[in-house]
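Report on one structure; see the data block that follows.
The values are calculated or read from the model by the stated rules, or taken from the named source; none is laboratory data. Since this is a predicted model, take the numbers as computed values, not measurements. When we count neighbours, we look across all protein chains shown, and the Cβ atoms used for this are built from the backbone with ideal geometry, even at glycine.
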Amino acid sequence: MAAGESRAGSEAAEMSGMPRVFWWLWSGALISSLATFVFPFLALYLTARGFDAQQTGLLVSLLGVGSIAAGPLAGTIADRFGRRPAVLSALVGSALAAAFLGFVRQPLLIAPGVFVFGVSAAMMYPAVNATVADVLPAADVQRGYGLLYWANNLGIGISALVGGFFASRSWLGLFLCDAATTLLFAAVVWRRVPESRPAPSPHLAQRGWRTLISDRALVGFLAAQFAFMLVFWQFQFALPIAMARDGLGAAAYGRLVAVNCVLILVVQPFATRFVQRFEEGHALAAASIFLGAGYGAYAFCTTATQYFLATMVWSVGEVTGLPAASALVARLAPEDLRGRYQGAFSFCMSVAMTVAPIASGAIIDRAGMRALWAVCLGLGLTASLSHLALAVSRRARAAAQA
């Protein structure tokens, strides 16, 4: 039994086969995501405040810089001081930063507010992922991550629909709503989610980040998943550019994002149960194929229907690949280093999110849009083959140690 489950006592009573403490985490994450406003509306907010495109771009980029710093920081706090301090500090920090951004006007004040929000908001994920790995049996971890991913997408989808309503009436109200739901999540964690960190290793300080760097299975996974994420993040940058060049504007792109969100909500619960039957590396290899094929197909798209069909293909890779990736990290991690392992994974995703638009922009300028989609197909195939090879290597290593 996982340490967190035993500590939770009566809270570990099962609901739908999952401990009750997990469902408190799930409920808090859903509540918080219902007002996900700072990330998607920050650029519009800054523009409404009179900032030019260059100033807005620089300020928004601080979100990415903050998210890169968040992974190692959250992992260290979660492993050394506990999952609760890491989750609570992340939630309270992001709530305060969101409220702060609603009041300030000067760039010199907005910049640190954006950075703190980027750090705090991204800190939550490694700490929550470590908690899930603590409180769930190993066989249910992937399902747990899938359910959390589903809840986040449901909340984000709803917040996208209502965010415009709030923004048209009060930017301050928009940001305060984000802060309020985040604090509600913090209250749920404070009252209902007990500390789940396993007893620390007496050699934790000596085998902290050094252990991660020397773990060939983890480093190999991060390299393969970095290629996966470089492709995945193109929906934020290259995809709207490609659609605009084909005469499909912001409304068409918005509908495409909605299609992706709806597909996740419909497919995720069933896909996770099915994918659980397979080793995570095999699931990631299949997901990489879908991802690469979907983005590669954009090279031949010119109509909204064609873009819709290609998006459905790579969305299958998203719903199968991302929960499997988190589950594999949880399986690779020693119990007392789960926070750091999840932090390293978060760091990898954030760096990919930062590099993806820079790299794709250079490819588009020098070789054209079709060349970019060909590169995405190649990266998807590379990630697939890498995940297959790593799965074989892990199996061989486990057999040798048996």
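With respect to GLY343, is the statement that it is farther than 23 Å from ALA258 by Cβ, in the same structural domain as ALA242 (by TED's automatic domain parsing) and crowded, with 23+ Cβ neighbours inside 10 Å true?
yes
Can you go through ALA223, ALA186, ALA180 and tell me which one is outside any loop (DSSP other than H, G, I, E, B), surrounded by fewer than 19 Cβ atoms within 10 Å (Cβ to Cβ), assigned by TED's automatic domain parsing to the domain that holds LEU136 and at pLDDT 95 or above?
Answer to the selection: ALA180.
Is there a residue in the range 1-9 that is outside the structural domain of VAL114 (by TED's automatic domain parsing), among the polar types (S, T, N, Q) and at pLDDT below 90?
yes
Would you mind stating whether MET369 is at pLDDT 90 or above, in contact with a Lys or Arg (Cβ under 8 Å, 6 or more places away or on another chain) and surrounded by 14 or more Cβ atoms within 10 Å (Cβ to Cβ)?
yes
If we scan the range 69-82, do we find a residue that is charged (D, E, K, R) and surrounded by 22 or more Cβ atoms within 10 Å (Cβ to Cβ)?
Yes, the range 69-82 contains a residue that is charged (D, E, K, R) and surrounded by 22 or more Cβ atoms within 10 Å (Cβ to Cβ).
Any idea which of (1) assigned by TED's automatic domain parsing to the domain that holds GLY361; (2) modelled with pLDDT under 90; (3) not aliphatic (A, V, I, L, M) is the one PHE228 doesn't satisfy?
So the condition that PHE228 fails would be (2).
Please go through the range 159-182 and give me each residue that is within 19 Å of LEU25 (Cα to Cα) and out of contact with any Ser or Thr (no Cβ under 9 Å at 6 or more places or on another chain), ordered by number.
ALA180
State the number of residues belonging to the range 368-388 that are over 16 Å from LEU230 (Cβ atoms) and free of Cβ contacts under 8 Å to residues at least 60 places away in the same chain.
So the count comes out to 1.
Return the residues of the range 112-143 that are in contact (Cβ under 8 Å) with a residue 24 or more places away in the chain, more than 19 Å from ALA78 (Cα to Cα) and not in a loop (DSSP other than H, G, I, E, B); say none if nothing qualifies.
Hits for the range 112-143 are VAL114, PHE115, ALA138, ALA139, ASP140, GLN142, ARG143.
On the basis of being assigned by TED's automatic domain parsing to the domain that holds VAL329, at pLDDT 90 or above and outside any helix (DSSP H, G or I), does GLY247 make the cut?
On the way: assigned by TED's automatic domain parsing to the domain that holds VAL329: yes; at pLDDT 90 or above: yes; outside any helix (DSSP H, G or I): yes.
So GLY247 passes the test.
Look at SER170 and say whether it is among the hydroxyl-bearing types (Ser, Thr, Tyr) and surrounded by fewer than 19 Cβ atoms within 10 Å (Cβ to Cβ).
So SER170 passes the test.
Consider PHE117 carefully, then state whether it is within 19 Å of the chain's Cα centre (by Cα) and aromatic (Phe, Trp, Tyr).
Yes.
Would you check if TYR307 is assigned by TED's automatic domain parsing to the domain that holds PHE226 and within 21 Å of the chain's Cα centre (by Cα)?
For TYR307, the condition - assigned by TED's automatic domain parsing to the domain that holds PHE226 and within 21 Å of the chain's Cα centre (by Cα) - is not met.
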